[in-house]
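Report on the structure given below.
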Amino acid sequence: MRTILFVLPGLAVMALAFWAYSENYETQESLSRVNDLQRRIGAERETLAILKAEWAYLNRPERLRGLVDLNFERLALLPLQPFHYAGVDQIPYPTPDLEDIVEIIPLMGELP
């Protein structure tokens, strides 16, 4: 009986040691994946910054103006003027369809 009392805690300690060992390796693997993802995120951010710089370079007003002048006959692009935009009073808003409301809804305190 005493040997069982000594063996069971020993087996429990060994099981807990195995569990801790496996958890340690899973944690190390997770940390490795996190580091890899952080490196990839950093590389993608660097690529994004380069793309934004290229976009800003390609969208320079003097470059675009030169392209418009070069291709004016084919594209017929004109500079935007204030009269190209509609005023707030010129925007057509949909009118609400009130014919679908046929039922009277009683207010609180009123009897139906």
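Using R0 = 41 Å, the C-beta based FRET efficiency linking residue 56 and residue 36 works out to 0.85. Each of 79, 104, 25 was scored by the projection of its Cα onto the charge dipole of the chain, and the greatest displacement toward the positive side belongs to 25; charges sit on the C-beta of Lys, Arg, Asp and Glu. In this simple spin-label model, placing a label point 7 Å from the Cα along the Cα-to-Cβ direction at both residue 19 and residue 74 gives a separation of 7.2 nm.
A short reminder: the numbers here are calculations on the coordinates, not readings from a lab. Fair warning: this is a prediction, and the values are worked out from it, not measured in the lab. Reconstructed Cβ throughout: ideal geometry from the backbone, glycine too, with neighbour counts over all protein chains shown.
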